Structures are given as C-alpha cells and as structure tokens.
Amino acid sequence: MHAALKLIHERFQPTLQAVAGAPAAASAAGTVSRIAGTTPLVLDSPHSGTDYPDDFAPALDLATLRRAEDTHVEKIYDFAPALGAAWIEAHFPRIYLDANRDTTELDTSLLDGEWCEPIATDPAMLSKIRLGKGLIWKFTDEGVPVYQRQLTVDEVRRRIERCWRPYHAAVQQAIEAAHRRHGYSIHINCHSMPAVSASHATNFPGLVHPDFVVGDRDGSSAAAAVSHLICDHLRGRGYSVSYNHPYKGVELLRRYGDPARNRHSIQIELNRKIYMDEETLAIKPDGMARVREDLQDLMRILLATDPRDAAPR
C-alpha cells in the first residue's frame with residue numbers, strides 16, 4: 001500500500017469498519033455545519049464530507065469511495081467566516097447522498113421496493129441518473145457499482161431527512177438572511193473536479209478540464225456581470241477558465257439562484273491537480289497556498305461588488 005494511502009487507511013480505519021459492517025443507524029447530529037455570516041456573501045461545500053455513516057454498507061473500500069469527494073475544498077475556503085461570509089458544509093460524503101441533486105433524481109432500480117415519491121423526467125437530470133450520478137450514486141466515476149445490494153425505501157428516506165433536508169435548509173436560510181440584511185446575496189457553490197473526466201463522471205468522458213469552471217446555468221442563476229467578474233479575476237491570476245462548460249451548476253443553483261430578485265448563485269469548480277495529488281489525496285502545499293490566496297482575493301472583490309450596480313455583459 002502506498003504510504004499516503006496507508007495513512008488514509010489508518011486515519012479512517014474505524015469508519016471503514018463501519019462502512020463495511022452492520023446497518024446501525026447513523027446519527028442525525030453533525031451531518032451539516034453552518035457558520036452565520038454578516039455580509040451578502042454565502043459559501044457552501046456540499047461534496048467535501050468525509051464522515052461515512054454506519055448504515056452505508058457499500059461494496060467498495062474506503063480509498064475508492066474517497067475518490068468521489070471534493071477533497072480538501074473545506075480547507076481551501078476556510079478563510080470565509082473571517083471575511084464575514086456565511087459558510088455551510090456537508091459532513092456526509094457525496095457518494096452516500098448528493099446534496100446537489102434534487103430528491104426526484106433517484107434511480108429506482110437501486111431500491112428493493114416501490115418509490116411513491118415524484119421522479120425526475122427532465123432529460124438533463126435523466127442523463128446524470130443513467131451515468132449513476134443521481135441523488136444516490138449507483139456507480140463511481142469509473143463505472144464501478146457502489147453497492148452489491150439493494151437499498152430499502154426507508155433507508156433512502158432516512159438519508160434525505162438526515163442529510164439532504166438539513167443541508168438545503170441551511171443554504172436557503174443563509175441566503176435569505178444575507179438578502180434580508182443587504183438587499184442582495186452572492187452565493188458561491190464550492191466544488192473541485194478531477195484533471196480529466198472519467199467514463200461515468202459527466203457526459204464528456206476523457207475531457208481535460210481547465211483550472212476553473214465557473215457556472216451560472218447559462219445566466220439563469222446569477223447576473224452574467226458577476227460571473228464574468230469571477231472569470232476575469234481568475235484569468236488575471238494566470239488560470240485557464242471555462243464558463244458554463246462542462247459544468248453549469250445543478251440543484252443548489254437552480255433552487256436558490258434568482259438574479260431577478262438579486263439572489264445570485266454561482267458554481268466554482270477547481271481542478272484538483274492544482275492543490276492535491278489525485279491518487280494519494282495529499283495536499284500540494286505550494287498549490288494550496290496559491291489558490292487559497294487567489295480565492296480569498298476574489299471573495300474580497302465580491303464583497304466590494306453590488307450586483308445591482310454591475311453593468312450587464
């Protein structure tokens with residue numbers, strides 16, 4: 001075993017035993033953390049969680065499961081509360097439940113019984129479900145099945161109640177509080193992406209990613225002027241940046257971005273090769289320091305920007 005992976009294995013060994021073990025119910029406490037803000041800025045990280053619940057029972061080892069995480073994103077943005085930004089962070093792992101999917105985005109073939117709740121019919125949502133990337137993951141990014149069992153309807157409902165609903169409530173409340181205080185809000189949905197898209201990660205397998213992808217659902221979740229400000233800042237710092245391709249943003253932007261009401265939600269995807277070793281998950285200190293500084297400067301620029309005064313582009 002590689003030395004770094006050995007450290008990961010040792011660090012998470014109690015969790016790994018639980019992941020592979022008995023279906024004891026995971027505690028509802030501590031699945032989401034929130035730090036209240038004082039400014040119009042709200043940041044959230046839905047995919048960096050590393051607390052693997054006792055009732056997960058997947059077919060994969062922990063090192064494989066962890067490749068689904070937006071690893072270290074919470075460390076990159078840990079400067080946010082000191083700037084007065086609200087911060088929301090999921091502690092449950094994305095591969096257990098993806099808080100950036102709607103509850104209708106469920107592959108019912110995973111279940112051992114009938115799902116009586118609404119199911120997605122939108123083609124874009126269905127394309128992700130076919131890849132195994134719905135609310136509950138069926139496959140890893142490499143197309144490996146996550147489970148060798150069917151999930152019960154009740155356990156999926158418990159995941160929604162314990163993880164999805166508290167996370168969305170925290171994001172919604174933070175945005176509403178920021179908007180109430182200042183008359184507008186800027187919500188940054190924080191993510192990371194692999195250097196190269198794997199076979200079941202997106203609809204663009206094998207795509208080599210730029211350093212950043214900035215998404216606003218083609219201008220429907222934020223004013224284009226705010227999104228372009230972000231792109232321009234990052235390009236000015238020497239990064240390659242793509243806008244709305246291949247990631248436009250999904251449920252958290254769709255649900256809470258409303259630029260007509262001065263609620264701006266923007267997704268920022270950061271290439272993991274900049275700040276970490278994708279195989280070992282080890283942080284690259286120089287890359288981490290650089291990207292943290294550049295993103296901190298970006299947040300200061302956003303704090304000094306009133307989107308109501310921004311010129312359209």
Output the qualifying pairs, or none if there are none: Cβ atoms under 6 angstrom, residues six or more apart or on different chains, first residue in segment 242-259 and closer than 20 Å to Thr103 by Cα and of a type in the set (Ser, Thr, Tyr), second residue in a helix (DSSP H, G or I) and modelled with pLDDT of 95 or more.
Tyr256/Ile175
Count, please, the residues in segment 136-167 that happen to be part of a helix (DSSP H, G or I) and not hydrophobic (A, V, I, L, M, F, W, C).
10
Across segment 139-163, the tally of residues that are surrounded by 20 or more Cβ atoms within 10 Å (Cβ to Cβ) and in contact with a Phe, Trp or Tyr (Cβ under 9 Å, 6 or more places away or on another chain) stands at 5
Of the residues Ser192, Ser265, which is hydroxyl-bearing (Ser, Thr, Tyr), in contact with a His (Cβ under 9 Å, 6 or more places away or on another chain) and under 22 Å from Asp141 (Cβ atoms)?
Ser192
Inside segment 169-201, can you point out the residues that are open to solvent by less than 30 Å² (accessible area, probe 1.4 Å) and of a type in the set (Gly, Ala, Ser)?
Ala170, Ala174, Ala177, Ala178, Gly183, Ser185, Ser192, Ala195, Ser197, Ala198, Ala201
Please determine whether any residue of segment 186-204 is under 29 Å from Ile35 (Cβ atoms) and of a type in the set (S, T, N, Q).
yes
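The values are calculated or read from the model by the stated rules, or taken from the named source; none is laboratory data. As the structure is a prediction and not an experimental result, all values here were calculated from the model. Ideal geometry is used to build each Cβ from the backbone, glycine not excepted, and the neighbour counts take in all protein chains shown. Accessible surface is based on the protein model in full, side chains and every heavy atom, while ligands, DNA and RNA are left aside. Shrake-Rupley method; radii C 1.70, N 1.55, O 1.52, S 1.80 Å.
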